[in-house]
1. Restricting to the range A:67-95, give me the number of residues that are outside any strand (DSSP E or B) and over 27 Å from B:E44 (Cβ atoms).
2. With the structure loaded, tell me whether A:Y88 is under 27 Å from B:L60 (Cα atoms), surrounded by 17 or more Cβ atoms within 10 Å (Cβ to Cβ) and of a type in the set (S, T, Y) or whether it fails that test.
3. For the range A:31-59, give me the residue count where each residue is touching a residue at least 24 places away in the same chain (Cβ under 8 Å) and farther than 19 Å from A:F99 by Cα.
4. Just give me the residues in the range B:25-55 being at the interface with chain A (Cβ under 10 Å from one of its Cβ atoms), assigned to a strand (DSSP E or B) and either among the small types (G, A, S) or closer than 16 Å to B:G97 by Cα (or both), in sequence order.
5. Can you tell me which residues in the range A:66-86 are in contact (Cβ under 8 Å) with a residue 60 or more places away in the chain and touching a Lys or Arg at 6+ places or on another chain (Cβ under 8 Å)?
6. Which condition from (1) surrounded by 15 or more Cβ atoms within 10 Å (Cβ to Cβ); (2) away from chain B (no Cβ under 12 Å) is the one that A:C23 breaks?
7. Out of all the residues in the range B:15-32, which are of a type outside the set (A, V, I, L, M, F, W, C) and touching a Ser or Thr at 6+ places or on another chain (Cβ under 7 Å)?
Amino acid sequence: GDSVTQMEGPVTLSEEAFLTINCTYTATGYPSLFWYVQYPGEGLQLLLKATKADDKGSNKGFEATYRKETTSFHLEKGSVQVSDSAVYFCALRYNFNKFYFGSGTKLNVKP
Amino acid sequence: GAGVSQSPSNKVTEKGKDVELRCDPISGHTALYWYRQSLGQGLEFLIYFQGNSAPDKSGLPSDRFSAERTGGSVSTLTIQRTQQEDSAVYLCASSYGTSGRFEQYFGPGTRLTVT
């Protein structure tokens, strides 16, 4: 069945380091892909999305490219900040309104 | 403006009791979603509503779970005869419509603990 697998955390980085959080998916057809972020004490928020192959979603310095050939949607940021510390969830939307979320990756950024 | 609200924020109940979880979506949002997040797990999709109807209930874990939405607004998720494995955070989200271009806005969740 459809599923999302993302790298386990926590991921601990120093400020200004490069970030990659891996996400791969399994789905029949052509899902839309999302990254959500949950800051401490807050609800989930949409960070970025891509709706078709080769699309690149971007927001707040984060980017992710929909790679159909590798069924991946890795999240990247060139220079992380302490304020980026949060839990990041990869998700796919398929079959109209069924959403599948990964288990989340906690990011800790140290000053 | 007001976001998605959920109540209660925390619920502790004894095994075998019934519980009701409430979700108030953002005004004007026609689509409403319920998810469950168990400890260390991702979000598990339970059910969605378009208006008052739920086209697909296959995500509900068992027949002890039911959900309804009235007046195209508030939704209630009911768990009957709760079991310890029902302990989780239950999240609600809403959006303007069911098209993928509409962002889901999430509520803060209800943490359910079954003792």
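1. Summing the residues that are outside any strand (DSSP E or B) and over 27 Å from B:E44 (Cβ atoms) in the range A:67-95 gives 7.
2. Answer is yes for this residue.
3. Of the residues in the range A:31-59, 2 are touching a residue at least 24 places away in the same chain (Cβ under 8 Å) and farther than 19 Å from A:F99 by Cα.
4. Within the range B:25-55, B:A31, B:Y33, B:I47, B:Y48, B:F49, B:Q50 meet the criteria.
5. A:V82, A:D84
6. Here A:C23 clears every test but (2).
7. B:K15, B:G16, B:K17, B:D18, B:E20, B:R22, B:D24, B:P25, B:H29 - these are the residues of the range B:15-32 that are of a type outside the set (A, V, I, L, M, F, W, C) and touching a Ser or Thr at 6+ places or on another chain (Cβ under 7 Å).
Results for (1) at positive phi; (2) crowded, with 16+ Cβ neighbours inside 10 Å, shown as yes or no for each residue.
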{"site": "B:Q37", "(1), (2)": "no, yes"}
{"site": "B:G40", "(1), (2)": "yes, no"}
{"site": "B:E44", "(1), (2)": "no, yes"}
{"site": "B:Y48", "(1), (2)": "no, yes"}
{"site": "B:G51", "(1), (2)": "yes, no"}
{"site": "B:S58", "(1), (2)": "no, no"}
{"site": "B:P61", "(1), (2)": "no, no"}
{"site": "B:R64", "(1), (2)": "no, no"}
{"site": "B:G71", "(1), (2)": "yes, no"}
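All of the numbers you see were taken from the coordinates with simple rules; none came from a lab. Note that the structure is predicted; figures quoted are calculated from it, not measured. Note that each Cβ is placed from the backbone with ideal geometry, even for glycine, and that neighbours are counted across all protein chains shown.
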